[in-house]
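Participant: Once you've had a glance at the structure underneath, I'll fire off some questions.
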């Protein structure tokens, strides 16, 4: 493939390709080789990876090839090329967390979810770029749709590598908007599960809203990765873990959807709103009832209480990571960004009593949202105010992703819209522990709206 | 101090000593120097430490001395010499987890609870010996009461260092019996809090029953350490954390206590039972009503269901750590003990569905125990079947500590008895999130029973 050839970002779903593996028409190794060609072309342009393990990846793909040939794949994702956000531990590669304080640092173990992926046969291509400590300071990754634009963050490299077709799925994390936002900006599927649904042991974020997020090339791939993880390691210790079937739940038409116009909605781009309104019109004409703040008091009340979502989330996170940031400041403040130093400063005066009050308020908001389940199957909104903004010094506005983070509920970004040549996702927000339902409704909505794209 | 001088194990409570700091009659540095003399004498005999940071400890004690002199201590434990179980991360010392697989390994950060201790002014003497991965393979620590005997495990070095007077408190962990058992064997106070009550981030155990345990030289010291930790880092992310006042809750006479004769009771030593029965007699004659399986159906039902406590706990732990052990086996099975290899094997066939069933059963048992709160203020039992057994190849029977671990409730071991020259603890078991009540009752009981020791 000549370097001069202009390659467009294109998702490369794995489960669809895997249908050809049993017959030998294609092999996981061949699938990986195409990934690596794309890596060669894209990586100098987008900088999605911190490091790679290509020989190990090829060896793993060969083993997967043998297993498929023998009709004994370890799982449906056996051989799938995946990326791992560099905030998540890997036994065979450093985990640098986007910080010079952890340059070359090795955990000497896999995170639980990485171990699960290996046991399912997934092929780990490399560690993907994260912002500093999965917070806001970006580390140079570019958007494959336009390399002058941010891919979003903090799962920057995970989203970019899936969008570029290098990986069919990549692990991210989300505590504010770190999976849904980059998924939207890069035009891949993004899944932030119910809080605690995927065991986070060995992921270096320390917050109660943190989730293992999945960036995927298809809904099918995304669900499958989540399922293969939970089947092997469960949810966070002591929790039941992601609930649902062992393949993508069948598409289900929602009876009623809530439209959430949360904080920042008035700042959404005109064309973003236009796409969204058109989507709503099509949902309505397909017989889906739409509830908004104008015709549903519960929606109105939820929107009002969610105005505080970002502030409350940041306060929770601020308290929960303060000890870690103190430790880093003491190690070497000169190796921390202005961004993170400001953050470390901001929540200095919080007390445990303050934090308990915040947790109580969060529980109240969560309970309000849970009540909506009585009337609406799910909520929809945009995944971001618009396409990825120009520049790579800022990962973009996370406001639209915050509500699901605060609520601890599943959210999906569906790559359905385009604004000025950049992707924009429709976001579906489900209910706690009902991640499978969220996929079922998302699947139906995606089919409907993708048809005339 | 001549090496030939025979030193007896003696607890060195810090808060009592700190009363002299304001006047300058004694200083934290002087308190530490005595700790270090004791370290010099004891360490070759008991092997409680993996590594130490003595220059840093002296510097920290000097700073504490200045603060007390200025009337501005960082907290009530400012200057307290503490030990940190080597399964817990420290930024300035390796964290080896009792495993050659982590020889010299550095986390490059403090665990949350270690950071909290530093911010409260505690002086970290060193990392204390843990069994391999805080499981059952011992690493050579000896009991200061008789160096031919085990100190118990897995918080072996933490208990031994407190018993020897080197530290006034030490952090341990407990998931089966790792705090209560060594506290009992070494004759110090042991506190296993309600599950989630102290933030465990940076502690390398991955189980839903795991707790940060505290080995302390007095009830007052033990509570204070727990309080200073929670005030700075809270509970596990998203939980309210240890509830209670900022100094030891005042002693409170229980109206009614349940006596729990759980699995293994029939194997308790005759002299252990004798001490326990005498204690019950004294409680009764002091007007405390005693409920047993003979006069309380709820106690009888709870005892019956707790017969399965060890098996159920081990199954939960087995599932929850399987991914980690797989990872270690793949790194180098030759560096793992037979004990841990057997454990890794034992739960191979468990599925997520099995684990969910176990969690459900555990929740059922917990609910049964919670009901007992309607009639009994707390439960009492022995902390171990007897004194520490001879030999250091086995950390002793943990059976008596398992129920509180399974139940996720606070437990305290009170150094009240002696069996053949070895200490034995009375165990008090409280109710979830009511750790302060457990201390209040324990305090009253300890005062009553210690009087005629």
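Participant: Between residue B:311 and residue B:146, what FRET efficiency follows from the Cβ-Cβ distance if R0 is 25 Å, with the result rounded to 0.05?
Facilitator: Values: r = 32 Å, r/R0 = 1.28.
Using R0 = 25 Å, I get an efficiency of 0.20.
Participant: Per 10 Å bin from zero, what fraction in whole % of the C-alpha pairs of the protein assembly as shown is there, up to the bin with the longest pair?
Facilitator: Cα pair-distance distribution for the protein assembly as shown, in percent: 2, 13, 22, 23, 18, 12, 7, 2, 0, 0.
Participant: Most exposed first by the Cβ proxy, i.e. fewest other Cβ within 10 Å, how do B:92, A:433, A:221 rank? Don't skip to the end; give the middle numbers.
Facilitator: Numbers: B:92 14, A:433 22, A:221 31.
Final ranking by Cβ density, sparse to dense: B:92, A:433, A:221.
Participant: While we're on this one: Order B:125-135, B:103-113 from most to least packed using the mean count of other Cβ atoms within 10 Å. Kindly include the intermediate steps, with their values, before the conclusion.
Facilitator: Details: B:125-135: 28.2, B:103-113: 20.6.
Taking the mean over residues of other Cβ atoms within 10 Å, the ranking is B:125-135, B:103-113.
Participant: Describe numerically, in nm with one decimal, the distance between label points set 7 Å from Cα along Cα→Cβ at residue B:8 and at residue A:332.
Facilitator: Simple spin-label model gives 5.2 nm for this pair.
Participant: Could I get the Rg over Rh figure for region B:81-235? Both from C-alpha atoms, Rh via Kirkwood, rounded to two places. Don't skip to the answer; put the middle values down first.
Facilitator: Numbers: Rg = 13.5 Å, Rh = 14.6 Å.
Over the Cα atoms of region B:81-235, Rg/Rh equals 0.92.
Participant: Also, quick follow-up: Under Stokes-Einstein, with the Kirkwood radius over Cα pairs standing in for Rh, what whole-number D in µm²/s applies to region B:88-154 at 25 °C and 0.890 mPa s? Walk me through the numbers before you get to the answer.
Facilitator: Details: Rh = 13.1 Å.
Using the Kirkwood radius from Cα pairs, D works out to 187 µm²/s.
Participant: For residue B:300 and residue B:45, FRET efficiency with R0 = 45 Å and r from the beta-carbon atoms, rounded to 0.05? Don't jump to the answer; show the numbers that get you there.
Facilitator: Details: r = 45 Å, r/R0 = 1.01.
FRET efficiency, residue B:45 to residue B:300: 0.50.
Participant: Modelling each spin label as a point 7 Å along the Cα-to-Cβ direction, I'd like the residue A:375/residue A:278 distance in nm, to one decimal.
Facilitator: Between residue A:375 and residue A:278, the label points sit 2.9 nm apart.
Participant: Over the Cα atoms of region B:342-453, compute the convex hull volume and normalise it per residue, giving Å³.
Facilitator: 118 Å³
Participant: Another question about this same structure. What is the percent of Cα-Cα separations in region A:48-141 that go past 19 Å?
Facilitator: In whole percent, the long-distance tail amounts to 41.
Participant: How long are the semi-axes of the equivalent ellipsoid of region A:1-159, defined as square roots of 5 times the Cα gyration tensor eigenvalues? Whole Å, largest first. Before the final figure, lay out each step's value.
Facilitator: On the way: eigenvalues 145, 84, 28 Å².
Calculated on Cα positions only, the semi-axes equal 27, 20, 12 Å.
Participant: What is the Cα convex hull volume of region A:296-353 when expressed per residue in Å³?
Facilitator: Values: hull volume 5.2 nm³, N = 58.
Here the figure is 90 Å³ per residue.
Participant: Rounded to the nearest 500 deg cm²/dmol, what is the calculated helix-only ellipticity per residue at 222 nm for chain A, with -39500 (n - 2.57) per DSSP H run of length n ≥ 4? Each step should come with its number before you reach the end.
Facilitator: Working: 14 runs with 179 residues, N = 453.
That calculation yields -12500 deg cm²/dmol at 222 nm.
Participant: Once you put a point 7 Å from the Cα of residue A:243 and another 7 Å from the Cα of residue A:54, both along the Cβ direction, what distance in nm separates them?
Facilitator: 4.6 nm
Participant: In addition: With the label 7 angstrom out along Cα to Cβ, how close does residue B:300 come to the same site in each of the other copies, in nm, nearest first?
Facilitator: 6.0
Participant: With contacts defined as alpha carbon pairs under 8 Å and 6 or more residues apart, what's the relative contact order of region B:322-453 in percent?
Facilitator: RCO, region B:322-453: 20 percent.
Participant: Turning to a different aspect of this structure: For a footprinting-style exposure proxy, rank A:435, B:62, A:342 by other Cβ within 10 Å, fewest first.
Facilitator: Numbers: A:435 28, B:62 16, A:342 11.
Lowest to highest Cβ neighbour count: A:342, B:62, A:435.
Participant: When N counts the residues of region A:239-333, how does its alpha-carbon radius of gyration compare numerically with 2.2 N^0.38 Å, as a ratio?
Facilitator: Values: Rg = 19.9 Å, N = 95, 2.2 N^0.38 = 12.4 Å.
Compactness ratio reported: 1.60.
Participant: What FRET efficiency comes out for the pair residue B:255/residue A:255, r = Cβ-Cβ distance, R0 = 51 Å, nearest 0.05? Each step should come with its number before you reach the end.
Facilitator: Details: r = 55 Å, r/R0 = 1.08.
Efficiency for this residue pair is about 0.40.
Participant: For region B:141-228, taking Cα atoms only, what is the radius of gyration to one decimal and the Dmax to the nearest whole Å?
Facilitator: So, for region B:141-228, Rg and Dmax equal 12.0, 36 Å respectively.
Participant: Dividing the convex hull volume of the Cα atoms of region B:203-293 by its residue count, what figure in Å³ per residue is obtained? Don't skip to the end; give the middle numbers.
Facilitator: Details: hull volume 16.4 nm³, N = 91.
Dividing the Cα hull volume of region B:203-293 by its residue count gives 180 Å³.
Participant: Can I ask one more? Under 18 Å from the 7 Å Cα→Cβ point of residue B:72, by amide nitrogen: which residues of region B:115-132?
Facilitator: Counting only backbone N, you get B:119-122.
Participant: What span do the alpha-carbon atoms of region A:411-453 cover on each of the three principal axes, reported in whole Å from largest to smallest?
Facilitator: Per principal axis, max minus min of the Cα coordinates gives 36, 18, 8 Å.
Participant: Would you mind calculating the gained length between residue B:346 and residue B:25 on full extension (0.36 nm times residue separation, minus the Cα-Cα distance), in nm to one decimal?
Facilitator: Taking residue B:346 through residue B:25 to full extension adds about 109.8 nm, to one decimal.
Participant: While we're looking at this one, here's another question. What's the percent breakdown of Cα-Cα distances in region A:385-425 across 10 Å bins, shortest bin first?
Facilitator: Result returned by the calculation: 26, 48, 24, 2.
Participant: Starting from 0 in steps of 20 Å, tell me what percent of the Cα-Cα pairs of chain B lands in each bin.
Facilitator: Bins of 20 Å from zero give 28, 60, 12, 0 percent of pairs.
Participant: What ranking of A:381, B:269, B:52, B:212 emerges when the number of other C-beta atoms within 10 Å of each C-beta is taken as an exposure proxy, fewest first? Display every interim value, and only then the final one.
Facilitator: On the way: A:381 22, B:269 16, B:52 19, B:212 30.
Going from least to most buried by this count: B:269, B:52, A:381, B:212.
Every read-out reported here was derived from the displayed coordinates using simple, explicitly stated rules and does not represent laboratory data. Only a predicted model underlies this, so the values are computations on that prediction, with no experimental measurement involved. Here Cβ is always computed from backbone atoms with ideal geometry, including for glycine, and neighbour counts include all displayed protein chains.
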